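> To start, I am sharing the structure in question, which I have written as structure tokens.
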């Protein structure tokens, strides 16, 4: 049985983007997936703007430190240091919200989705907002460009050099962390090089560092200019040449392609497809857009077994809901809190290996939380769950009021203290107009099915009787709204 | 009692086909000892990096007082354990447990190439990987994978929290996070979830959606199970009304029930005392002390102290020298405290930290924490530690 264009286009939108937007609902049946993909590519053509969230106070302070540093080595007073930490934390929060907003609202879905992949691939925890926004810019600019260029720019970013301790990698005292992760996680993957290769590569990266402004600097006196042998090649290599050697390895193309396949197509790898793609990646000199075109315009991408086969990551879930149901959030912190509770807070990956994804997203508490989100948006449920503390981010503080109190009438008595945390509502204002309008010509008895077809990528074995039983039957519009919320509260909706 | 069980089986059978509660324990009337083998572990995570040197204090070491002119705790104020060691003054209950032979202190615990990031170091403690490896499953989770093949419920390991730690996530089986059994997943939409579940039928070949339904079914049936168990023999002992106090009270009630739980997991923090450490540690230790003291007393009254092993850990210790803000920064090796009526070694079971032999101002570890894990897995839980830790670590002798 051939699958409908609607299903295929929705599949494409979930994988090459963050799900179909309500504005696209009429287009889903109108065009072929090839036409749809072409439009996606075109929309992502233009260079993204630099996202700058650091405020003037912080910029001033950093300049001040530089000035002080030039004059004499003097430590900053503790009060300023505290203030800097706090401003950085706020800055990274703003960066998170800004980027998520782009994922929801921007037409450049393909670019943001690919950047989201790289954000997990080049995973970096760094509490300096300048460094973080610099790295995000590198990733967004090069998301659809050349992998070699991206790798080189990431490797020269202040965020990564600091995170992987390359500031401590000196000729007389090498630190192998950076070289190790570049080989293990960014290019070739474990088991394809020796410990000796790592030691030698680390020598080549000595002297690579960054200044306070986040600019790359090469510290000549810390660099080891001697001869190194890496993966069978010998020479007086520097860091850039090591990266070139890594790109020359076919294994790098294999590793990257496999990871991209598992992220965008199916987490059960298909060796034949991956080999075919990796050969082309290597021959095309690591052009990312060509790889994506190979994937998204192939027939096999639209095979039934690839559709609905992935578990949405928390960010994909949260962004996807907002694309279908445009909403104003009075309480934006809720998005941060949900990212934390569900285990994917942007800019805070668990470690340099990124988020493992797949089934690891799901445990008893995270699944139940996911299923409750639509009801929270509807203010029929409250957020009464407390995320774990992140000591790296909080520097010993306890969580300060993450969320505003509910402003709804009569909520006073509902705002009970629960384990030191107030129960709160998200206070979302959903704009239903466009969504409801889309279903205006659907006969009442077919409504449930039509809604479910738009929202679900797996054949629902959910009985429509259950949905009907729980949906509000008092009017057409109410039925559409409540049935939508109920369908979004099912296990099926967790998949794409 | 019988009715309750029957009711549970009915609810549970919605979830999966085979449905018998593994009967590890029979119902015991208060005070009766359970047969050997029915042992439980309570893991107490001190989040944020607890300062081990101000927990077990080297009261006769000049280097300690020199490195900590303000933060060092005077010998006279410390609770004396031996000539060389004293406990933090807030840990009076621990001192009593020590005097009664229920406390073992393992010093200098850590791992090679220590990481000073909270998250990363906690990751290493949770997964029991080497510092150079990134694993995605936790050691308690892999214990579930190994022990629980065919178990129908993830209640063998329970975390008293809203969010599940990596520690308890196995490849195939994950523990369950429950902060308050009364409140579990009782959401406005619970009835809807149950109806959705009832109407789901598995199809041939496991689809991803079946995994989600399976998790959902296990969660809802476990929620009922844990709630009912927690009310079977609720403890009537008095606990401090704090987060940890309430959690340990729940754990005690579950230990007295016939639930199949082997591992309980609970966290307290934040011990990340960069600034003004004294007050913060005092406050946290008071909560810790009062809760653990009540828990141990409760277990003793009910004759279960020998069956329960509680131990503490933290992602790292702190630097030997205090910083300029009357706090301490991230360090390396630390101590672990073990509490049980069934200890083979008691008191200080190895030497105090050597403050004359530091690595750039940090303690050098002598014992890999994975040796402690292996010991608990093998000797307490009777599990295949080598399969779970993916390496054979030598056992210690405290149990």
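Every number here is computed from the coordinates shown, using simple stated rules; none is lab data. This structure is a prediction, so every number in the text was calculated from the model and none was measured. Methodologically, a virtual Cβ is constructed for each residue, glycine included, from the backbone with ideal geometry; neighbour enumeration extends over all protein chains shown.
> What does the helix-only formula give at 222 nm for chain A: each DSSP H stretch with n ≥ 4 adding -39500 (n - 2.57), the total divided by the residues, and the result rounded to the nearest 500 deg cm²/dmol? Numbers along the way, then the final one.
Working: 23 runs with 250 residues, N = 496.
Helix-only estimate at 222 nm: -15000 deg cm²/dmol.
> May I ask for log10 I(q)/I(0) of the range A:433-494 at q = 0.22 Å⁻¹, from a Debye sum over the Cα atoms as equal point scatterers with solvent left out?
-0.85
> Further question: Residue B:76 to residue B:278: FRET efficiency via 1/(1 + (r/R0)^6), r the Cβ-Cβ distance, R0 25 Å, to the nearest 0.05?
The value I calculate is 0.95.
> Measure nothing but the geometry: give the 0 to 90° angle between the long axis through the Cα atoms of A:129-142 and the longest principal axis through the Cα atoms of chain A, rounded to 10°.
80 degrees
> Compute the distance in nm between two label points, each set 7 Å from the Cα along the Cα-to-Cβ direction, one at residue B:84 and one at residue B:386.
Placing both labels 7 Å beyond Cα along the Cβ direction yields 3.5 nm.
> Is there a simple number for the mean count of other chain Cβ atoms within 10 Å of the Cβ of residues in B:271-283, and what is it?
2
> Could you list A:152, A:446, A:199 so that the one with the fewest beta carbons within 10 Å of its beta carbon is first and the one with the most is last?
Sorted ascending by nearby Cβ count, the order is A:446, A:199, A:152.
> Right, another one. Please build a GNM for chain B, connecting alpha carbons under 10 Å apart, and tell me which residue among B:360, B:315, B:100 fluctuates the most.
B:360
> Give, to the nearest whole percent, the P(r) tail of chain B beyond 27 angstrom, counting all Cα pairs.
Considering chain B, 50 percent of its Cα-Cα pairs are separated by more than 27 Å.
> Now for a separate question. Order of B:214, A:228 from fewest to most other C-beta atoms within 10 Å?
In order of increasing Cβ crowding within 10 Å: B:214, A:228.
> Using only the alpha-carbon atoms, how far is helix B:243-256 inclined from the longest principal axis of chain B? Give it as 0 to 90 degrees, nearest 10.
Roughly 50 degrees, rounded to the nearest 10.
> What nm value, rounded to one decimal, do you get for the distance between residue A:330 and residue A:244 when each label is placed 7 Å out toward the C-beta?
6.0 nm
> Expected output is a single nm value to one decimal: the length gained when fully extending between residue B:92 and residue B:60, i.e. 0.36 nm times separation in residues minus the C-alpha distance. What is it?
Gain in length upon complete extension: 9.5 nm.
> Given the options B:212, B:310, B:81, state which has the largest fluctuation in a GNM of chain B using a 10 Å cut-off (strictly under) for Cα springs.
Looking only at B:212, B:310, B:81, the largest GNM fluctuation is found for B:212.
> Averaged over its residues, how many other protein chain Cβ atoms are within 10 Å of peptide A:366-376's Cβ atoms?
Counting Cβ atoms of other protein chains within 10 Å of each residue's Cβ and averaging gives 5.
> Oh, and also: Calculate log10 I(q)/I(0) of the protein assembly as shown for q = 0.06, 0.07, 0.08 Å⁻¹, where I(q) comes from the Debye formula with a single equal point scatterer on each Cα and nothing for solvent.
-0.43, -0.59, -0.79
> Which one, B:321, B:276, B:128, has the greatest fluctuation when you compute a Gaussian network model over chain B with C-alpha springs under 10 angstrom?
B:276
> Taking the Cα atoms only, what angle lies between the long axis of helix A:333-342 and the longest principal axis of chain A, rounded to 10 degrees?
Once rounded, the angle reads 80 degrees.
> Order of B:273, B:286 from fewest to most other C-beta atoms within 10 Å?
In increasing order of surrounding Cβ atoms, one gets B:286, B:273.
> Could you tell me the extents of chain A's C-alpha atoms along the three principal axes, largest first, rounded to whole Å?
Per principal axis, max minus min of the Cα coordinates gives 78, 56, 38 Å.
> A follow-up question, please. Quick check: convex hull of the Cα atoms in the range A:163-251, volume per residue, rounded to a whole Å³?
Taking only Cα atoms, the range A:163-251 has a hull volume of 90 Å³ per residue.
> What is the distance, in nm, between label points placed 7 Å from the Cα along the Cα-to-Cβ direction at residue B:237 and at residue A:101?
So the label points at residue B:237 and residue A:101 sit 5.3 nm apart.
> Taking 0.36 nm per residue of sequence separation and subtracting the Cα-Cα distance, how much length would be gained by fully extending the chain between residue A:32 and residue A:285, in nm to one decimal?
88.1 nm
> How do the peptides B:87-97, A:282-292 rank, highest first, by the average count of neighbouring beta carbon atoms within 10 Å per residue?
Output ranking for B:87-97, A:282-292: B:87-97, A:282-292.
> How high is the relative contact order of chain B, given as a whole-number percent (alpha carbon pairs under 8 Å, six or more residues apart)? Display every interim value, and only then the final one.
Details: 769 pairs, mean separation 115.1, N = 399.
Value for chain B: 29 percent.
> Here's another thing I want to ask about it. Based on the Cβ-Cβ distance of residue A:234 and residue B:191, what FRET efficiency does E = 1/(1 + (r/R0)^6) give at R0 = 45 Å, to the nearest 0.05?
It comes out at approximately 0.05.
> Relative contact order for the range A:171-218: what percent, with Cα pairs under 8 Å and sequence separation of 6 or more?
38 percent
> Given the Cα-Cα distance of residue B:351 and residue B:99 and 0.36 nm per residue of separation, how much length would full extension add, in nm?
Taking 0.36 nm per residue and subtracting the Cα distance, the gain is 88.8 nm.
> For the range A:44-145, how big is the tail of P(r) above 17 Å, as a whole percent of Cα pairs?
Numbers: 2923 of 5151 pairs.
Tail of the P(r) past 17 Å holds 57 percent of the pairs.
> Okay, moving on. Mind checking the mean number of beta-carbon atoms from other chains within 10 Å of the Cβ atoms in A:486-495?
The shielding value for this peptide is 5.
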